[in-house]
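In what follows, a single structure is set out as structure tokens and then discussed.
Nothing in this text is a laboratory measurement; each read-out follows from the coordinates by a stated rule. Predicted, not measured: the structure shown is a model, and the values here were computed from it. Cβ coordinates were reconstructed from backbone atoms using ideal geometry, including for glycine residues, and neighbour counts include every protein chain displayed.
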Amino acid sequence: MINVSTDQDGIATIEWNMPGRAQNVLNEASIDAFAAAIRQVMTDPAVKGVLVASGKSDFHAGADLGMVLGQSDAEHMHAIVQKWHKLLRQMETGGKPIAAAMSGATLGGGFALALACHYRVAADRRNTSFGFPEVKFGLLPDGSGTQRVLRLAGIEAAAPLLTKGKLIRAAEAQRLGLIDAVVPAGEERAAARGWLLGEGQKQARQPWDQPGFQIRGLNGAKAPGPAATPPRSVPERVVRCLEQGAHTGLDEALGIEARNFADVAVTSEAKNKIRTLFFAMKAANRLAARPEGIPTQTYKRIGILGAGMMGSGIAYATAMAGIEAVLIDRDQAAVDRGKHHSRRQFAKAVEKGTMTAEAMEKVLSRIIPTTDYAALAGCELAIEAVFEDRAVKAEVTRKAEAVLPPDAVMASNTSTLPITGLAEASQRPANFIGLHFFSPAERMPLVEVIRGEQTSDATLARALDFIGALGKTPVVVHDGRGFYTSRVLRAYLAEAAALVEEGVDVAAIEKAALNAGMPIGPLALIDDVSLELMVKFAQQDKSDLGDAYQESAVDRVATLMVEKLGRLGRKVKKGFYDYAGGHEKHPWPGLAEVFPPKKTLPSLEAATERLILIQSVETARCIEEGVVLHPQDADVGAVLGWGYPSALGGPIGCIHTMGIEGFVAACDRLAKDNGARFAPPNLLRNMAAKGRSFYSD
Ligand code: NAD
């Protein structure tokens, strides 16, 4: 795990190389192994200096998030952190010079390890990066990061680096005083060795262990008094650690960090974020759902049918990934508009200086606008993004398949129409699949991949290869009305509409959702999507389902708003809000007359509970029905698809956090008060009865 070797000049190399892992991480075993290595070199009289290095292409990834996720005892976590802090202090004060030679990613506690060395040299490699990304996972920077960065870079530079989780390149790290030298890749160990044998022999003390040391930027500021309120967020906690730590010696400051790290690490917010944003997202990006044994499909040229909002966005993402996109629509003007959409996006990048004009032309040349289906010859894949209309979709599918190679994948970007039904228009239903991109497709990372009844494993695997090539995140679901994302989102919007029907005012409904961390109020979202589209969905459901159709509150409210009141949504400046132009909007005052308040209205907390739990119940139904196969997919899909708050993990993370039993009890209560839409599915009752859970943490 950690190898120690000493050369004839008395320089010991401690090389981190944890077996069975792509990266080195901090956990109880590696901390113990490193402690033993440090003890060995410190007590060996033949050792004059110590080089800390990595046997992997990255230096160190910091805390083992699997260990953090599995740890629910704050005191045990505190003890681990304290042990690490003590070890780093032993390195700093042991009297022997220690240097770090870094290449690749140097993150979190791994960066802190480097900062505890007396000299730090980095390889000038493209992927050499430094930082503390922990805040993104609801954690404090770990392993002493807050206090050593504060002392090396000063308070002003430390705060943004530590509260935003930003990664910086070697040159920037050097500018901030966090590393001492940047050398050509491959020379970092030699450079560190040179320092150990030269300058290092004279100087083996950290600046903060020398008399008169001052933290930059403090400018005589007084120590803050005890805070009146607890910190509201992890970044705020980091800032308090910095402010408090700046006014004490390093040892006491490390104590402040250790306490805060341990307390935060065991919170459900941290666990939810680590589980969903780190582990589940990593698995999705690794294409964990890809069936095995199917050769990887590389893509050179694909077809996109329909050059509207979605088609042109998909063309943009395709061209950016180095793949040619034949963009087809009904007439040349439409395809030219589609390509122009991409030109406008790229032009913004050129203006900002993040892309050269030459690169823009090169990428744009990959988008081939045409009305001629013959251009689809040789395409490995075609994605239709024409109107949400079965007949139009069937027509373009037939036309495309007449030209596409027989083994090409045919995909639909439909957001609601079941894939198995659309595949009826296909000559090769085994090659037919749903690839549901989100708007704007050029930016949104999620793609919901929908397997129809006849979709083959090979088609799924090859479609996932395309999503991987785009650098987007896929979640694979099975067919059903609205699949997963549109179905749960609609259940959520329907709950907001139910609150409207009860006469709760717009501001209160929006606040109830925003308080839970939803990124935008549900009524503003309905206005953006358009009430008219909501009516279309309702009509489609009615005609598809016949007697089985169950009207929801959003169907009723949208139909009334559109048909009786002419309030179609933001596009006509009239919906739940009146739109004044620009970003200005005001809740429509007439709504209270249409939906007068009932005698008793739900409190803000009760409205929040309904808006959040309805998403979890509907998601649990998707799992019960086999639409969603893995809870992780549901959580990733919700966070990336509609901005579900990652602090809750996702709709399933939320159930897990509450405990299934507690969730079922809450749903039984809500079902009694508000209707059967809250009735918990049997899956959950069975899981609760058997003491099972969705996740192991
Ligand atoms: P859009 O109206 O902007 O674009 C549709 C395009 O299809 C238009 O350019 C139209 O000219 C073209 N078209 C229509 N009939 C055609 C035909 N016979 N041959 C060739 N082209 C034809 O619509 P959009 O918002 O881009 O949606 C397209 C599809 O993507 C729909 O199925 C929709 O449900 C789905 N979708 C939309 C969103 C969204 O937020 N807008 C999100 C996900 C999925």
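Helix 660-674 and the long axis of the chain differ in direction by around 30°, with both axes built from C-alpha atoms. If I take R0 = 22 Å and measure r between the Cβ atoms of residue 175 and residue 219 in this structure, what FRET efficiency does the formula 1/(1 + (r/R0)^6) give, to the nearest 0.05? Computed FRET efficiency for residue 175 and residue 219 comes out at 0.60.
Report the per residue volume, in Å³, of the convex hull enclosing the C-alpha atoms of the range 120-211.
Numbers: hull volume 9.8 nm³, N = 92.
Looking at the range 120-211, the number lands at 106 Å³ per residue.
Under the combined filter of DSSP loop state and at most 15 neighbouring Cβ atoms within 10 Å, the range 613-697 retains these GluC sites (Glu not before Pro): 625.
Using a simple spin-label model with pseudo-atoms 7 Å out from Cα toward Cβ, residue 624 and residue 201 lie 7.6 nm apart. Within the straight-line cut-off of under 22 Å between alpha carbons, the lysines reachable from residue 83 are 96, sequence neighbours fewer than 8 places apart in one chain being disregarded.
So for 292, 172, fewest C-beta neighbours within 10 Å to most, what's the order?
Working: 292 6, 172 17.
Neighbour counts put them in this order, fewest first: 292, 172.
Distance between the 7 Å Cα→Cβ label points at residue 679 and residue 8: 8.4 nm.
What ranking of 533, 464 emerges when the number of other C-beta atoms within 10 Å of each C-beta is taken as an exposure proxy, fewest first?
On the way: 533 18, 464 25.
Arranged by neighbour count, lowest to highest, 533, 464 become 533, 464.
By counting other Cβ atoms within 10 Å of each Cβ, how are 340, 85 ranked from fewest to most?
On the way: 340 15, 85 23.
Ranking 340, 85 by Cβ neighbours within 10 Å, fewest first, gives 340, 85.
Over the range 466-566, the hull volume per residue, using the convex hull of the C-alpha atoms, is 137 Å³. Scattering from the range 1-143 was approximated by placing one identical point on each alpha carbon and applying the Debye formula without solvent; log10 I(q)/I(0) at 0.12, 0.13, 0.20 1/Å stands at -0.46, -0.54, -1.27. Of 166/511; 300/393; 273/511; 362/393; 273/472, which ones are farther than 21 Å apart at the Cα? Distance filter (> 21 Å) returns 166/511; 300/393; 273/511; 362/393. Which longest uninterrupted range of the chain lacks any trypsin sites (Lys or Arg not before Pro) assigned by DSSP to a loop state (not H, G, I, E or B) and surrounded by at most 12 other Cβ atoms within 10 Å? Looking at the chain, 444-597 is the longest stretch - no exposed trypsin sites (Lys or Arg not before Pro) with at most 12 other Cβ atoms within 10 Å.
Which percent, nearest 5, of DSSP beta bridges in the chain are antiparallel?
Numbers: 19 of 67 bridges.
That works out to approximately 30 percent antiparallel.
Stretching residue 42 away from residue 370 to a fully extended chain increases their span by 111.0 nm, per 0.36 nm per residue minus the current alpha-carbon distance. Just to verify a number: FRET efficiency for residue 605 and residue 507, C-beta to C-beta distance, R0 = 25 Å, to 0.05? Step by step, r from the Cβ atoms, then E = 0.95. With the helix formula -39500 (n - 2.57) applied to DSSP H stretches of n ≥ 4, the chain reaches a computed 222 nm mean residue ellipticity of -14000 deg cm²/dmol. If the chain linking residue 337 and residue 544 were pulled fully straight, counting 0.36 nm for each residue of separation and taking away their Cα-Cα distance, it would gain 71.2 nm. Summary of the geometry: the range 60-93 and the range 431-460, compared by the centres of their Cα atoms, lie 41 Å apart. Normalised radius of gyration (Cα atoms, divided by 2.2 N^0.38 Å) for the range 185-263: 1.54. The simple Förster model, with R0 at 25 Å and r as the Cβ-Cβ distance, assigns residue 74 and residue 248 a FRET efficiency of 0.70. Normalised Debye scattering of the chain at q = 0.09 Å⁻¹ gives log10 I(q)/I(0) of -0.92, counting only Cα atoms as equal scatterers and leaving out solvent.
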